[in-house]
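The values are calculated or read from the model by the stated rules, or taken from the named source; none is laboratory data. Predicted, not measured: the structure shown is a model, and the values here were computed from it. Don't worry about glycine lacking a Cβ; one is built from the backbone with ideal geometry, like all the others, and counts go over all protein chains shown.
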Amino acid sequence: LVRLRSRLSRSQNTLGKGLLTLLSRDRLDEDTWEEVEDTLLTADVGVAPTQELVERLRTRVKVLGTRTPAELRTLLHEELVALIGPESDRTVRSTRDGDGPAVVLVVGVNGVGKTTTTGKLARVLVADGRRVVLGAADTFRAAAADQLQTWGERVGAHTVRGPEGGDPASVAFDAVKEGIAEGVDTVLVDTAGRLHTKTGLMDELGKVKRVVEKHGPVDEVLLVLDATTGQNGLVQARVFAEVVDITGIVLTKLDGTAKGGIVIAVQRELGVPVKLVGLGEGADDLAPFEPAAFVDALIG
Ligand code: GDP
């Protein structure tokens, strides 16, 4: 939590602190509530969740009457956590019970942090005692396979790769095959994210999934989104959701934005939980997403 707070507070905090300051005013008039609304919208919380939250805060503040700072903090904390949805299952499925490796596809547009996230996730899983095979199916970005292999070597995971410019689906297929042969727990497949045309992406990603499914079901499709791109991330999310069933979201670069509200917006949009957050470029900077800790860090 301390690390989360220090990472977020670099540029973040505006959301939680701002809200708390507004709610602490002596008189909560229409103008103040409008400011609350603006603060939420500016932080990319999204229109519908913003309205919902403001409505609930108004009601509860009215019931409360006089407010101590501690009461307000508790109230705001509860409501933000409720909005994020504390009850979601946020575990990344990384094993199957005695039935081959769990297959995890990591998808997203180029540059969002897909390869880095795949590497960091491998590290977390290996640290948890899992055996992992990596699939470098991003065959279009020249450096991606090298980058992934470097992560693999660091954590002791075998990386399956193909020729540069080769067929991503065939690399993904081979990686799962290798994972089955080695009897590992998890196969993590880094996919290509060329959003040059929507049809191109659909074809490519759809094919990767279909080909991998020849080995059995895909356990997890993690969509990686760059938190600093704000509403753009939502547009990407919609496109990907049309192609594959997303089972979890990874929000990267939360250390570099004041728009933490995107966590709320993107879950609402897809109906899929944020499972992991990226808080920096370092190997240790991937954390499970915990609503209560996140809101704590937001409020400061
Ligand atoms: P890909 O094209 O989606 O595979 O993107 P990469 O994994 O190559 O990452 C693109 C850039 O984003 C790299 O410079 C990463 O170090 C950086 N990056 C990835 N995740 C994070 C994060 O959580 N925070 C920050 N600040 N940078 C990140």
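Taking residue 279 as the residue in question, decide whether it is of a type outside the set (Asp, Glu), away from the ligand (no atom under 14 Å from the Cβ) and in contact with a strand residue (DSSP E or B) (Cβ under 9 Å, 6 or more places away or on another chain). Full working, then the answer.
Details: of a type outside the set (Asp, Glu): yes; away from the ligand (no atom under 14 Å from the Cβ): no; in contact with a strand residue (DSSP E or B) (Cβ under 9 Å, 6 or more places away or on another chain): yes.
For residue 279, the condition - of a type outside the set (Asp, Glu), away from the ligand (no atom under 14 Å from the Cβ) and in contact with a strand residue (DSSP E or B) (Cβ under 9 Å, 6 or more places away or on another chain) - is not met.
Could you please find all residues in the stretch 247-265 being surrounded by 21 or more Cβ atoms within 10 Å (Cβ to Cβ) and under 24 Å from residue 208 (Cα atoms)?
248, 249, 250, 251, 252 - these are the residues of the stretch 247-265 that are surrounded by 21 or more Cβ atoms within 10 Å (Cβ to Cβ) and under 24 Å from residue 208 (Cα atoms).
For the stretch 134-144: of the residues being buried (at least 18 other Cβ atoms within 10 Å of the Cβ) and away from the ligand (no atom under 11 Å from the Cβ), which is modelled with the lowest pLDDT?
139
Among the listed residues 91, 118, identify the single one that is within 16 Å of the ligand (Cβ to nearest atom) and either modelled with pLDDT of 95 or more or under 20 Å from residue 271 (Cβ atoms) (or both).
Going through 91, 118 in turn, the sole match is 118.
Cβ-Cβ distance below 6 Å, separation of 6 or more or different chains: which pairs start in the stretch 282-296 with a residue that is closer than 23 Å to residue 150 by Cα and end on one that is among the basic types (Lys, Arg)?
Short answer, once both residue conditions are applied: 283/123; 286/120.
Quick check on residue 121: is it in a strand (DSSP E or B) and under 22 Å from residue 209 (Cα atoms)?
Taking the combined requirement at face value, the residue does not satisfy it.
For residue 215, all conditions in the list (1) modelled with pLDDT of 90 or more; (2) of a type outside the set (Ser, Thr, Tyr); (3) within 16 Å of the ligand (Cβ to nearest atom); (4) buried (at least 18 other Cβ atoms within 10 Å of the Cβ) hold save one; what is the number of the exception?
Status for residue 215: all satisfied but (3).
Taking the condition of being farther than 18 Å from residue 44 by Cβ, in contact with a helix residue (DSSP H, G or I) (Cβ under 8 Å, 6 or more places away or on another chain) and charged (D, E, K, R), how many residues in the stretch 242-283 meet it?
2
For (1) among the basic types (Lys, Arg); (2) over 23 Å from residue 255 (Cα atoms); (3) in contact with a Pro (Cβ under 8 Å, 6 or more places away or on another chain); (4) touching a residue at least 12 places away in the same chain (Cβ under 8 Å), each residue gets a yes or a no:
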{"position": "83", "(1), (2), (3), (4)": "no, no, yes, yes"}
{"position": "94", "(1), (2), (3), (4)": "no, yes, no, yes"}
{"position": "102", "(1), (2), (3), (4)": "no, yes, no, yes"}
{"position": "107", "(1), (2), (3), (4)": "no, no, no, yes"}
{"position": "114", "(1), (2), (3), (4)": "yes, no, no, yes"}
{"position": "120", "(1), (2), (3), (4)": "yes, no, no, yes"}
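Of all the residues that make up the stretch 162-171, how many are at pLDDT 95 or above and within 15 Å of the ligand (Cβ to nearest atom)?
Residues meeting the conditions: 1.
Taking the condition surrounded by fewer than 18 Cβ atoms within 10 Å (Cβ to Cβ) and among the small types (Gly, Ala, Ser), does residue 88 pass?
yes
Only one residue in 70, 142 is in a loop (DSSP other than H, G, I, E, B) and hydrophobic (A, V, I, L, M, F, W, C). Which one?
Sole residue among the options that is in a loop (DSSP other than H, G, I, E, B) and hydrophobic (A, V, I, L, M, F, W, C): 142.
Quick check, is residue 295 part of a loop (DSSP other than H, G, I, E, B), more than 10 Å from the ligand (Cβ to nearest atom) and under 18 Å from residue 44 (Cβ atoms)?
No.
Inside the stretch 249-264, can you point out the residues that are more than 12 Å from the chain's Cα centre (by Cα) and hydroxyl-bearing (Ser, Thr, Tyr)?
Within the stretch 249-264, just 257 meets the criteria.
Residue-wise test of (1) free of Cβ contacts under 8 Å to residues at least 60 places away in the same chain; (2) under 20 Å from residue 241 (Cβ atoms); (3) of a type in the set (A, V, I, L, M, F, W, C).
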residue: 142; (1), (2), (3): yes, no, yes
residue: 147; (1), (2), (3): yes, no, no
residue: 151; (1), (2), (3): yes, no, yes
residue: 160; (1), (2), (3): yes, no, yes
residue: 166; (1), (2), (3): yes, no, no
residue: 174; (1), (2), (3): yes, no, no
residue: 190; (1), (2), (3): no, yes, no
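List every residue pair whose Cβ atoms sit under 8 Å apart, with the two residues 6 or more apart in sequence or on different chains, where the first one lies in the stretch 256-273 and is closer than 14 Å to residue 90 by Cβ and away from the ligand (no atom under 16 Å from the Cβ) and the second, anywhere, is in a loop (DSSP other than H, G, I, E, B) and of a type outside the set (Val, Ile, Thr).
267/85; 267/88; 267/273; 273/85; 273/88; 273/89; 273/90; 273/289
Any residue at all in the stretch 195-214 that is farther than 25 Å from residue 124 by Cα, basic (Lys, Arg) and in contact (Cβ under 8 Å) with a residue 60 or more places away in the chain?
no
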